[in-house]
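Undergrad: Encoded as structure tokens, here's the structure I'll be asking about.
Here, each number is a calculation from the coordinates, and none is a lab measurement. What you see is a predicted model, and the numbers here were worked out from it, not measured in a lab. Here the Cβ positions follow ideal geometry from the backbone for every residue, glycine too, while neighbour counts run over all protein chains shown.
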Amino acid sequence: MNTDYLDPINSLNMPEMADMTFAMDFLLRAKEGVRNLSIALTETASPDVRTLLRNHLNQGIAMHQEISELMIRKKWFHPYELKEQYQLDQLSAKNTVMIGQMNLFPDDTSRKGMFDRTPDEHIGGHKA
């Protein structure tokens, strides 16, 4: 396993994986919103508030449907083929573990030798 996060090979397919991750997070947030609005709707007695919540609920359901359809079209989500979804989830878990094992914060954080000159060299170096 390559644990060098600076190696360009590790960025292969990264934009697509990021898009898929963001879309899944968005789908989950939309689902939470629908659930929370449903609960709020059952707890509300005011007709005006119920109307408002019902409108938001319908918008949330429509948004959830749009996100789901996008993800299915892009093959990021397989709600009807559990074997394919399981493989996708396994790949995601493997990538998560691999990223977690990368040494993103090396012990040596010295910056000495990274620059060709000191920032104040043009005004006399250490005399400034």
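Undergrad: In the stretch 1-99, which GluC sites (Glu not before Pro) fall in coil by DSSP and have 13 or fewer other Cβ atoms within 10 Å?
TA: Those satisfying the criteria are GLU81.
Undergrad: Pop out the ³J(HN,Hα) list for the stretch 43-51 in order, Karplus 6.51 cos²θ - 1.76 cosθ + 1.60 with θ = phi - 60°, rounded to Hz; leave Gly and Pro as x.
TA: Computed from phi, the couplings for the stretch 43-51 are 9, 9, 9, 6, x, 5, 5, 4, 4 Hz.
Undergrad: Using a 7 Å offset from the Cα along the Cα-to-Cβ direction at both LEU12 and ASP120, what is the distance between the two label points in nm, to one decimal?
TA: Taking the two extended label points, one gets 4.8 nm.
Undergrad: OK, next. Using a basic spin-label model with each label point 7 Å from the Cα along Cα→Cβ, how many nm lie between VAL97 and HIS78?
TA: Between VAL97 and HIS78, the simple spin-label model gives 2.0 nm.
Undergrad: Can you pull out the chymotrypsin sites (Phe, Trp or Tyr not before Pro) in the stretch 13-113 whose DSSP state is coil and whose Cβ has at most 11 other Cβ atoms within 10 Å?
TA: Numbers: sites: PHE22, PHE26, TRP76, PHE77, TYR80, TYR86; in loops: TRP76, PHE77, TYR80.
In loop regions of the stretch 13-113 (DSSP not H, G, I, E or B), the sparsely surrounded chymotrypsin sites (Phe, Trp or Tyr not before Pro) are TYR80.
Undergrad: Applying 1/(1 + (r/R0)^6) with R0 = 25 Å to the Cβ-Cβ distance of THR42 and ALA62, what FRET efficiency is obtained, to the nearest 0.05?
TA: 0.80
Undergrad: In whole Hz, what ³J(HN,Hα) sequence does the stretch 11-28 give by Karplus (6.51, -1.76, 1.60; θ = phi - 60°), x for Gly and Pro?
TA: Residue by residue, the stretch 11-28 yields 8, 4, 6, 5, x, 5, 5, 5, 4, 5, 5, 5, 5, 5, 5, 4, 4, 5 Hz.
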